[in-house]
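The values are calculated or read from the model by the stated rules, or taken from the named source; none is laboratory data. Everything numeric here is computed off the predicted structure, so don't read it as measured data. Virtual Cβ from ideal backbone geometry, glycine too; neighbours counted across all protein chains shown. The area values use the complete protein model at the heavy-atom level, side chains included, leaving out ligands, DNA and RNA. Shrake-Rupley method; radii C 1.70, N 1.55, O 1.52, S 1.80 Å.
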Amino acid sequence: QVRHLKEMQAGGQSPVLELALADLVTEAGHAAAMRQLRAAIAVRVDLARQVIAQHFPAGTRVSDPPGGLLLWLELPRGVDALRLHEACLAERILIAPGSVFGTAGRFPQGVRIGLGGDWGDQHLQALRRVGEIAAQLLRGTVQESH
C-alpha cells in the first residue's frame with residue numbers, strides 16, 4: 001500500500017533508473033565526486049550573487065538556496081519582472097519572470113535565474129546585462145522593443 005501511494009504521488013518511478021542510481025551512489029569515489037560538485041556549485045552561486053550585488057538595482061534581494069542551482073530574485077518596486085523578461089528576450093537572454101510561478105499577479109518583482117548547465121563568462125556577462133536592464137527599467141530609460 002505504501003509503495004502504491006508513493007507511486008501515485010510521485011507519478012511513478014522507473015525500477016531500472018532506481019537500480020542504476022543505487023549502483024552509482026555505492027560506487028567508490030562517489031562521495032568525493034559529490035563534494036567536488038557541491039564546491040563547484042557553491043563557487044558558481046557566489047559568483048552570481050556578486051554580479052547581482054554589483055549590477056542589479058539597490059534593494060534587489062536574492063534567495064540563498066542550500067545546494068541548489070536556482071536563485072530567486074525579488075527586484076525593487078518599480079521593476080516589473082515581466083517587462084524585464086521581455087527586454088532580456090529582445091537581447092536573447094532568458095530569465096523566468098515570477099508571474100509564471102503564481103497566479104493572480106503574484107510575484108510581479110520576482111525573477112528566477114538558473115545556474116545549471118555549462119556556466120561560464122558568457123553567462124556572467126548576460127547576468128550583468130540583466131542587472132543593467134533592471135536598473136534602466138527602474139529609472140524608466142529602457143526602450144520598448146516592438
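Two decimals is fine: what's Rg over Rh for the range 72-121, C-alpha atoms, Kirkwood radius as Rh? It would help to have the intermediate numbers written out before the result.
Working: Rg = 11.4 Å, Rh = 11.4 Å.
Result: Rg/Rh = 1.00.
Only helical DSSP H runs with n ≥ 4 go in: add -39500 (n - 2.57) per run for the chain, normalise by residue count and round the 222 nm mean residue ellipticity to 500 deg cm²/dmol. Each step should come with its number before you reach the end.
Numbers: 5 runs with 75 residues, N = 146.
Value at 222 nm, helices only, nearest 500: -17000 deg cm²/dmol.
Taking Cα atoms, how many degrees apart are the long axis of helix 81-90 and the longest axis of the chain, rounded to 10 and kept between 0 and 90?
For helix 81-90, the angle is close to 90 degrees.
Please state the relative contact order of the range 87-138 as a whole percent: Cα pairs under 8 Å, 6+ residues apart?
Values: 32 pairs, mean separation 16.3, N = 52.
Rounded, it is 31 percent for the range 87-138.
For the range 1-142, would you read off the P(r) tail past 22 Å as a percentage of all alpha carbon pairs?
Working: 5149 of 10011 pairs.
The calculated P(r) of the range 1-142 puts 51 percent of pairs beyond 22 Å.
Could you do me a favour and compute the accessible area per residue for the range 70-118, 1.4 Å probe, result in Å²?
On the way: 2780 Å² over 49 residues.
Here the per-residue accessible area is 57 Å².
Given a 1.4 Å probe and every protein chain left where it sits, what share in percent of the accessible area of the range 1-141 is carbon and sulfur?
Values: 5270 of 9460 Å².
The computed percentage sits at 56.
Per-residue HN-Hα couplings for the range 46-59, Karplus 6.51 cos²θ - 1.76 cosθ + 1.60 at θ = phi - 60°, whole Hz, x for Gly and Pro?
Here the 3J(HN,Hα) series is 4, 4, 5, 5, 5, 4, 4, 4, 7, 10, 9, x, 4, x Hz.
Could you grab the relative contact order for the range 60-107? Cα pairs under 8 Å, six or more apart, rounded to a whole percent. Present the calculation step by step, with values, prior to reporting the outcome.
Values: 36 pairs, mean separation 11.0, N = 48.
About 23 percent, as a whole number.
Longest span of the chain, sites excluded, free of trypsin sites (Lys or Arg not before Pro) in DSSP loop with at most 16 other C-beta atoms within 10 Å?
On the way: sites that count: Arg77, Arg92, Arg106.
Here the longest segment lacking exposed loop sites spans 1-76.
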